[in-house]
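Taking it in order: structure first as structure tokens, then the write-up.
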Amino acid sequence: MSVFIALAALVFLMVMAYRGYSVILVAPVAAMGAVFLVDPSSVAPVFSGVFVEKVATFVKLYLPIFLLGAVFGKVVEISGFSEAIVSSAIRHFGKSKANLVIVAVCGLMTYGGVSVFVVVFAVYPFAAELYKQNNIPKRLLPGALALGSFSFTMDAMPGTPQIQNIIPTTFFNTTSWAAPILGICGSLFVVTIGLLYLEYRRKSVTKTGEGYGEGHINEPERTQLASLPSPVLAIIALLIVGVTNYLLSTYIPHWFESSFTVESSLFPGATGTIAGKTSSVAAIWAVAGALLCGILFVCIVAFRQVSTRFAASTKQAVSGASLAALNTASEYGFGSVIAILPGFVAVSGALQYLTDPLIKAAVSVSTLAGITGSASGGLSIALAAMGDQLTNAANAAAIPLEVMHRIVSMASGGMDTLPHNGAVITLLAVTGLTHKQSYHEIFGITIIKTLAVFFVIALYYGFGLV
């Protein structure tokens, strides 16, 4: 019965999210419903002492990343830099390599720190035009956008500033550059197999004589490319984020050593000494600093375009980022409550039969990401429940925590893109397509992403790559 209660709470959250209900509302209802079935008198104490406490912890740690990432994505968009990158890629790669161009552009933007949601909006007009000119069925387009936006640059490429690569740093005391060789190998696996799959689907469909199609909705208007800024400046903006992130990740631990302390004598209003471990916040500081540098660069070099729209656009970006952060924080709080239930303890005990630490981590994170429909949510839930356990198991098996970081990060981006995933729903809405028309290709990418995790595990055990 206890296992059923825990699973029922997870299924309830998944179904309600699929139906479009807000996770901010549904997560505490699901969590407290499970607590009520175990012990009604514990609902209020668990709500305040566990759920709300964990939500606050998540927001305290990661809200700056959500906010700065959204603002950077917005200034890249309103400056015209995103359109410049897309049009330049088309000119250099050629229109015949539609999928390669789309994946390359999406990958460059997400690796540069632009939100996956912003990338979809920015790339879609050019991607649709590219498909139309090559008479490729539009229903295949979401698969290419998913491969470029939701896969290797989200969680596999070392140094990516996406939140799925940042969350493990606070649990394993690693940096966003953890296990670079494994990350690159995993990225190559996803890109290579993913592009081959997309080309297979394109050839299979076009053989039947199906073209771009007619009667589509949300068709983009043609954009006048002559007014776009230099693509070089656009690429520099993205490189600044990547390079600054790497430099800060390297030097912050040296600047602050193992811990930081700010004496209360410097700030008389403080209630006491401000102190903490550098390792638990170094990666967050590095990404925040890198995004801030990127924002400043775009605002300076594209001042005329950005200044007139900055206030209104960033207000919208901050609103969206705050909502996204609270959604993920609610899932984090939900996972923390589920982790203390008797049923979850029983399920965790069953996972002990998976004796290998990396396999256990991959299966646990991927399963929870699939249930919640969220990579960051599933990752947060799994690490909140089993972070210490996975750390101890890795140390006992002499597995570097950098490897564990890369495995859990990549696993979070595996089965997360099931039909109820928010990014998938947004992608289909932007392109004007439906699950019935286009989810086939998206699910293909989902399977490839999931297999990539076990490919990377095999590389580590077979060759000792890190």
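Structural remarks
- For the chain, the longest principal axis of the Cα atoms and the long axis of helix 231-256 meet at an angle of about 20 degrees.
- The mean accessible area for residues of region 220-309, using a 1.4 Å probe and ignoring ligands and nucleic acids, is 63 Å² per residue.
- These residues, ASP388, ASP39, go from largest to smallest accessible area, 1.4 Å probe, as ASP388, ASP39.
- The longest stretch of the chain left intact once loop-based GluC sites (Glu not before Pro) with at most 11 other Cβ atoms within 10 Å are removed from consideration, loops following DSSP, is 1-213.
- Here the label points at PHE4 and PHE121, each 7 Å from Cα along the C-beta direction, are separated by 4.6 nm in the simple model.
- Exposure check, 1.4 Å probe, all protein chains in place: LEU354 carries approximately 60 Å² of accessible surface.
- Gain on full stretching of the segment that runs from THR308 to VAL43 - 0.36 nm per residue minus C-alpha separation: 90.4 nm
- Taking Cα atoms only, the orientation of helix 401-412 departs from the longest principal axis of the chain by about 60 degrees.
- Those residues of region 289-322 whose amide nitrogen sits under 20 Å from the label point placed on SER230, 7 Å along Cα→Cβ: 294-307
- Helix-only CD estimate at 222 nm, as mean residue ellipticity for the chain, using -39500 (n - 2.57) per DSSP H run (n ≥ 4): -24000 deg cm²/dmol
- Between PHE463 and GLN316, the modelled labels are 4.5 nm apart [label points 7 Å from Cα along Cα→Cβ].
- Potential extension, GLU53-THR426 segment - 0.36 nm per residue separation minus Cα distance: 131.3 nm
- THR208 accessible area, assembled protein chains, probe 1.4 Å, Å²: 110
- Angle in degrees between helix 52-78 and the longest Cα principal axis of the chain, rounded to the nearest 10: 20
- With all protein chains in place and ligands, DNA and RNA left out, the 1.4 Å accessible area ranks ILE136, ILE340, ILE235 as ILE340, ILE235, ILE136, largest first.
- Accessible-area value, MET157, 1.4 Å probe, nucleic acids and ligands omitted, Å²: 50
- Net charge, VAL453 excluded, C-beta distance under 11 Å - Lys, Arg +1, Asp, Glu -1: +1
- The residues of region 381-466 expose, per residue, 35 Å² of accessible area to a 1.4 Å probe.
- Most to least accessible of PHE36, PHE126, PHE297 (protein chains only, probe 1.4 Å): PHE36, PHE297, PHE126
- Theoretical FRET efficiency, 1/(1+(r/R0)^6), r = Cβ-Cβ of VAL243 and ASN134, R0 41 Å, to 0.05: 0.70
- Summing +1 for each Lys or Arg and -1 for each Asp or Glu among the other residues whose beta-carbon sits under 13 angstrom from that of GLY143 gives +3.
The values are calculated or read from the model by the stated rules, or taken from the named source; none is laboratory data. Because the structure is predicted, anything quoted here is derived from the model rather than measured. Cβ atoms come from the backbone with ideal geometry, glycine included; neighbour counts cover every protein chain shown. The protein model used for the area step is the full one, side chains on, heavy atoms only, and it has no ligands, DNA or RNA in it. Shrake-Rupley method; radii C 1.70, N 1.55, O 1.52, S 1.80 Å.
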